[in-house]
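*Asks:* Once you've had a glance at the structure underneath, I'll fire off some questions.
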Amino acid sequence: MDKSTQPIRVLLADDHAVVRAGIRAFLEREAEIEIVGEAADGEEARLLIDAALPDVAVLDIQMPKASGIDVTRWVRAHHPKVGVLILTGYDDDPYVLAVLQAGANGYVLKTATPSEIVQAVKDVKEGKSVMDKEITQKLLTHITGQNARQSIEEPLTERENGVLMLVAKGFTNKAIGVQLSISDRTVQGHLAHIFSKLQASSRTEAVMRAVSLGWLPADIGQLDLGDG
């Protein structure tokens, strides 16, 4: 089986067994998805991620022993290639911001439909940023307020703006490199400069901050500003 036909390996972490069973049931109906483990708390999630190295870890925020935010930070530090999708009932700004700052690839509410959650898993596997449409406007409003209090001292260069435009459209670093005829490492360097200039800690936060500043159009694409 070549890489293009291998299933997306998913780990589920939620402290409610009934919720895990429900999520597992509709994810496993997809031939492209394989559940490789379930965790009932954050510490178990870390152990299973360490052992199974899933493509995507689907995490709740509030869990015993370690929160989804804590697990996300740990994943980014120890297994940066593992995608993290937060699936939660919390739409509070502090939780959303903390998750983005921790480095999650996606944030979807449990009120989403099964098909939306399945698509979010697939998008995270492809390296895209996923934001639930219900909370996108709230987050944009919050970031706009931050921008009013924080001055952006240095604008993006034309190349950096081009890179961020492709990020917003859902392109991975590798795809951006192909589009712009530059190396993955150069793309990473541009993203580091973009994050620094926009005072952002994730791809999603950088795009949303640029949109709120008027540097990117609000209908840019992949975030819609909601791509789930």
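*Asks:* Which log10 I(q)/I(0) values does region 3-128 give at q = 0.10, 0.16 Å⁻¹ under the Debye formula, counting every alpha carbon as one identical point scatterer?
*Replies:* Once normalised to I(0) and log-transformed, intensities are -0.25, -0.67.
*Asks:* Which value does Rg/Rh take for region 5-76 over its C-alpha atoms, Rh per Kirkwood?
*Replies:* 0.96
*Asks:* Sticking with this structure for a sec: Taking H as built 1.01 Å from N, whose amide H comes closer than 5 Å to the amide H of I8, not counting residues under 5 places away?
*Replies:* For I8, the qualifying residues are I33, E34.
*Asks:* Follow-up question, since we're still on this one. Sequence-distant or interchain residues sharing an amide H contact under 5 Å with G37, placed H: which?
*Replies:* L12
*Asks:* Which cross-chain or sequence-distant (5 or more) residues have an amide H under 5 Å from the amide H of L216, H modelled 1.01 Å from N in plane?
*Replies:* Those qualifying (amide H under 5 Å, at least 5 residues apart or on another chain) are V211.
*Asks:* Name the residues of region 97-135 whose amide N is less than 16 Å from a point 7 angstrom out from the Cα of V178 along the C-beta direction?
*Replies:* Once the point is set 7 Å along Cα→Cβ of V178, 126-128 turn out to lie under 16 Å by backbone N, inside region 97-135.
We did not get these values from a lab; they are worked out from the coordinates using the rules stated. Because the structure is predicted, anything quoted here is derived from the model rather than measured. No Cβ is skipped: glycine too gets one built from the backbone with ideal geometry, and neighbour counts run over all protein chains shown.
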